[in-house]
Amino acid sequence: MREHDYIRDYLRRCRELSRFCSQDGWIDNDSVVYRVIERHEDSVLVAVEFTEVIMEGDDTIAGRVPCFGQLKLAYDAAGKMRAEVIY
C-alpha cells in the first residue's frame with residue numbers, strides 16, 4: 001500500500017480527529033483530506049481538513065461545519081502509525 005493510501009485510511013479511522021470538532025457532531029469520513037507539511041525519518045506532520053456533520057434530535061442533518069488541524073503521524077518500531085494532535 002502506498003504511503004498516501006495508508007495515511008488517508010488511517011485518518012479516516014483516527015480518533016484524534018474528533019478533537020478538531022467544535023459542535024459535538026460526527027466526522028464525514030469522505031471529506032477527510034490532508035497535506036504533508038514536514039517529513040522526518042519516523043514521522044510526518046500533516047494538515048488535515050474535514051467536515052463535521054451536525055445532527056438534529058430527529059436524526060436529520062442540521063448543518064455542516066468545516067474543521068481543520070495538524071497532526072504528527074509517527075511510526076512505531078512495528079511500523080504502526082499513531083497520531084499526536086499538534087494544533
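The values are calculated or read from the model by the stated rules, or taken from the named source; none is laboratory data. These numbers were taken from a predicted model, which means no experiment stands behind them. Every residue, glycine among them, receives a Cβ derived from its backbone with ideal geometry; neighbour counts consider all protein chains shown. The accessibility values were calculated without ligands, DNA or RNA, using every heavy atom of the protein model including side chains. Shrake-Rupley method; radii C 1.70, N 1.55, O 1.52, S 1.80 Å.
The table below lists the values:
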| quantity | calculated |
| --- | --- |
| Residue count for region 24-37, restricted to those that are over 12 Å from the mean Cα position of the chain (by Cα) and modelled with pLDDT of 95 or more | 2 |
| Answer from 34, 10 - the residue that is in contact with an Asp or Glu (Cβ under 8 Å, 6 or more places away or on another chain) and closer than 16 Å to residue 85 by Cα | 34 |
| Members of region 13-33 found to be over 14 Å from residue 66 (Cβ atoms), in contact (Cβ under 8 Å) with a residue 24 or more places away in the chain and assigned to a strand (DSSP E or B), listed by number | 26 |
| Pairs with Cβ under 6 Å, 6+ apart, first in region 62-77 and on the phi < 0 side of the Ramachandran plot and among the polar types (S, T, N, Q), second open to solvent by 50 Å² or more (accessible area, probe 1.4 Å) and part of a loop (DSSP other than H, G, I, E, B) | 70/86; 70/87 |
| Region 66-82, residues that are assigned to a loop (DSSP other than H, G, I, E, B) and either open to solvent by less than 80 Å² (accessible area, probe 1.4 Å) or farther than 13 Å from residue 14 by Cα (or both) | 76, 77, 78, 79 |
| From the options 11, 17, residue that is surrounded by 13 or more Cβ atoms within 10 Å (Cβ to Cβ), closer than 24 Å to residue 77 by Cβ, among the aliphatic types (A, V, I, L, M) and modelled with pLDDT of 90 or more | 11 |
| Members of region 38-65 that are open to solvent by less than 50 Å² (accessible area, probe 1.4 Å) and more than 13 Å from the chain's Cα centre (by Cα) | 43, 44, 53, 54, 63, 65 |
| Conditions (1) surrounded by 14 or more Cβ atoms within 10 Å (Cβ to Cβ); (2) over 13 Å from residue 85 (Cβ atoms); (3) touching a Leu at 6+ places or on another chain (Cβ under 8 Å): number failed by residue 23 | (3) |
